[in-house]
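Single-structure report; data block below.
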Amino acid sequence: MRDDSARLPLETHVAKRLEPTINTRLVKYEDLNHHRTLFAGRGAEWLIEACFISAARCVGRPEDVVCVQIHGMTFKKAANRGDLVEVVAQLGHVGQKSLTVVGKATINGDPRSVVTCTCVFVTVDADGKGKPHGVTLPAPYVDAYREVCDQARAAYESGKKTGA
Ligand SMILES: CC(C)(COP(=O)(O)OP(=O)(O)OC[C@H]1O[C@@H](n2cnc3c(N)ncnc32)[C@H](O)[C@@H]1OP(=O)(O)O)[C@@H](O)C(=O)NCCC(=O)NCCS
């Protein structure tokens, strides 16, 4: 397939890197727990994977990105075998070395989220030490996604207080 991306204007490159990651999963037999609903570990994996992809796309080097904290994963409704789980992850805050991504999952097109979480990633060098990523969020992006950005910033701030 022809790759026209090299000819896109810079703004389009930036916008593409900031696009939400949307992954749809079919709940299969092997994803179930002993109640025959989606196993929390599998749901968590799907959410964290989508959040990682968002951070890695933004940085451009997946090998430089590690997860340092996962905030507030709450499961509000069970998913059953055959359900379609749509996971959406969106970058909401960037610090000097960190990127905070908000993840949400919905079932069968119902817009109410059934699981949410916020993941903090850090960019690292070849020795695994934190290094600045140089990513910034354009003001129009922050204005457009105010709710996601507020949620991500709150998670970043609370991570700084509690844990590092
Ligand atoms: C990620 C890691 C390299 C950070 O080390 P570091 O560079 O010394 O950390 P710093 O104190 O300089 O913090 C770097 C950034 O991470 C953030 N951070 C560090 N610990 C954090 C925590 N517990 N929660 C939230 N954010 C945290 C800091 O706020 C800072 O963000 P900023 O630069 O955007 O302000 C180190 O914690 C590590 O190796 N962790 C293991 C990562 C891993 O293996 N993940 C896979 C898990 S299975």
Original post:
Taking the condition more than 24 Å from VAL120 (Cβ to Cβ), β-branched (Val, Ile, Thr) and either modelled with pLDDT of 95 or more or assigned to a strand (DSSP E or B) (or both), does THR12 pass?
Top reply: no
**OP:** Run down GLY130, GLY95, GLY103 and say which single residue is under 15 Å from TRP46 (Cα atoms) and at pLDDT 95 or above.
**Re:** GLY103
Original post:
Across segment 60-79, what is the total count of residues that are among the polar types (S, T, N, Q) and exposed (fewer than 13 other Cβ atoms within 10 Å of the Cβ)?
Top reply: 1
Original post:
Which is in contact (Cβ under 8 Å) with a residue 24 or more places away in the chain and within 12 Å of the ligand (Cβ to nearest atom), of VAL102, VAL94, VAL59, VAL88?
Top reply: VAL94
Original post:
Any residue at all in segment 26-41 that is modelled with pLDDT under 95, out of contact with any strand residue (DSSP E or B) (no Cβ under 8 Å at 6 or more places or on another chain), surrounded by fewer than 16 Cβ atoms within 10 Å (Cβ to Cβ) and not basic (Lys, Arg)?
Top reply: no
Original post:
For residues in segment 124-158 being assigned to a helix (DSSP H, G or I) and among the basic types (Lys, Arg), which is nearest to the ligand (Cβ to nearest atom)?
Top reply: ARG153
Subject >> Residues located in segment 55-88, provided they are over 16 Å from the mean Cα position of the chain (by Cα) and either of a type in the set (Gly, Ala, Ser) or in a strand (DSSP E or B) (or both) >> reply: PHE75, ALA78, ALA79, ASN80, GLY82, LEU84
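The values are calculated or read from the model by the stated rules, or taken from the named source; none is laboratory data. Because the structure is predicted, anything quoted here is derived from the model rather than measured. Counting neighbours? That spans all protein chains shown, and the Cβs are built from the backbone with ideal geometry, glycine included.
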